[in-house]
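Here is the structure we will look at.
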Amino acid sequence: MSSLQRTILKSKLPPTIPGGRIGRADSFKKSRIRDYKPCMWNEFFAEKADVVVDEHRTFRVYKTKQPEKPGPVLLLLHGGGYSALTWAHFCSEVTSMIHCQCLCIDLRGHGDSRVDDEDDLSADTLSKDIGDLVVKLYPEEVPQIYVVGHSMGGAIAVHFAYMALVPSLIGITVIDVVEGTAMEALASMQSFLRSRPKYFQSIPNAIEWCIRSGQVRNVDSAKVSMPGQIINCTTNKLATNDLPLTDEVLEEAHHTSMFPNAFSISEDEEVGNAGEDGAESVDFKKPTTTKAATDAAKNYTWRIDLAKSEKYWVGWFSGLSDKFLNLRLPKQLLLASIDGLDRTLTVGQMQGRFQMQVLARCGHAVHEDRPHEVAEVISGYLIRNRFAEAAGEFRCHMPSC
């Protein structure tokens, strides 16, 4: 917008408030501080615990409260690089729709779980970890368990069910992972991992990156899940241990955004910071480049280096479609795109061997982008199979693509 255009527009507006400091720019800054403020785990779960399976393995688990009526336990497995907190909003939604309890696990090498060999991420090892953990949690009688897995967690859920490690398993839902498309994507996975920033200056900066990069499209989900994916470089502990953040830290995080533009100033900010005579405000701060902001302070980094797990990638997804179809359990597949099916699953779907649901307008993290819709689909499936009862006024809808 030229100076002439701005002058014409300003002449048609009512007089500004003396001082000129109350405007859209300030409101936007305050909203950004609020938007990227991380959330605590106890806003979504009733309990967290570190379960010692043996002297070599301790796993962090999160549980929702016990249902008012008998219902299954939803065993939720996160994707590679995520943590159990990725299911936070989904848990709140699904427990309001059906009588069930959610059990979320930080898998080996992720979150707050601690094992001797964190680099062993083979499908068999991860599946055995889950089986041993379930037996440890329920030593007397294992309740009915319905397993739900996203991405890598979906592949591990299939392996876990295929190995029949828990006799009380009643069904499975796999979210946005298909053998054919996953195997094709492996070729570009290393490039994708290298494109991510290695460090973050603060937790709000990490949340901001999560949203702006498109990893998660729901800011409310990112605010609780992203702290579970990064660690403090000084303490080497998960970022969730640094919560809650003080107002001073949040204010500082706002001024060190990872996404400034070094060569321009937004129109709203320029108008808000200039006086009536066009003079520059005394508190104006020159934007810094993204590289400078990143190099200034390397306070947080990723909890797990996914690039080192490359040797296990093929093992996660190879033969996945056949194993999924051959499970003697009710099966459900949720996808972000109808194009995600491979040939094996396309044939299986036409034969009615599993239920498929496509949720549009979302990214790979389907359960984070649209937790309410995912909860509706899974709740309806459990009700139709008489695994759970509806809670409140929830109505089961027929599946559709």
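Results, tabulated for the structure shown:
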{"read-out": "Region 295-338, accessible surface, carbon-and-sulfur percent (1.4 angstrom probe)", "value": "48 percent"}
{"read-out": "Simple spin-label estimate for LYS69 and PHE192 in nanometres, 7 Å along Cα-Cβ", "value": "4.0 nm"}
{"read-out": "Rg/Rg_globular for region 38-100, with Rg_globular taken as 2.2 N^0.38 Å and Rg from C-alpha atoms", "value": "1.20"}
{"read-out": "Highest to lowest packing among 225-234, 177-186, scored as the average C-beta count within 10 Å", "value": "225-234, 177-186"}
{"read-out": "Heavy atoms of VAL51 accessible to a 1.4 Å probe, total area in Å² rounded to 10", "value": "20 Å²"}
{"read-out": "For region 306-370: rounded, prolate or oblate by the Cα gyration tensor [a/c cutoff 1.5]", "value": "oblate"}
{"read-out": "Cα-based shape type of region 106-218, given that a ≥ b ≥ c are square roots of the gyration tensor eigenvalues and the cut on a/c is 1.5", "value": "prolate"}
{"read-out": "Protein accessible area in region 135-246, 1.4 Å probe - carbon and sulfur %", "value": "50 percent"}
{"read-out": "Ordering of 357-367, 84-94 by burial proxy (mean other Cβ atoms within 10 Å per residue, highest first)", "value": "84-94, 357-367"}
{"read-out": "Accessible area per residue, Å², region 121-242 with all protein chains present, probe 1.4 Å", "value": "38 Å²"}
{"read-out": "Under-5 Å amide H pairs with ILE230, H placed in peptide plane, nonlocal only", "value": "ALA239, ARG303"}
{"read-out": "Order by protection proxy (mean Cβ within 10 Å, highest first), peptides 211-222, 132-143", "value": "211-222, 132-143"}
{"read-out": "Environment charge of GLU118, counting only residues whose C-beta is closer than 11 Å and scoring Lys/Arg +1, Asp/Glu -1", "value": "0"}
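The values are calculated or read from the model by the stated rules, or taken from the named source; none is laboratory data. What you are looking at is a predicted structure, and each value in this text was computed from that prediction instead of being measured. We place every Cβ from the backbone using ideal geometry, glycine too, and count neighbours over all the protein chains shown. Side chains are part of the model used for accessible areas, which takes the heavy atoms of the whole protein and leaves out ligands, DNA and RNA. Shrake-Rupley method; radii C 1.70, N 1.55, O 1.52, S 1.80 Å.
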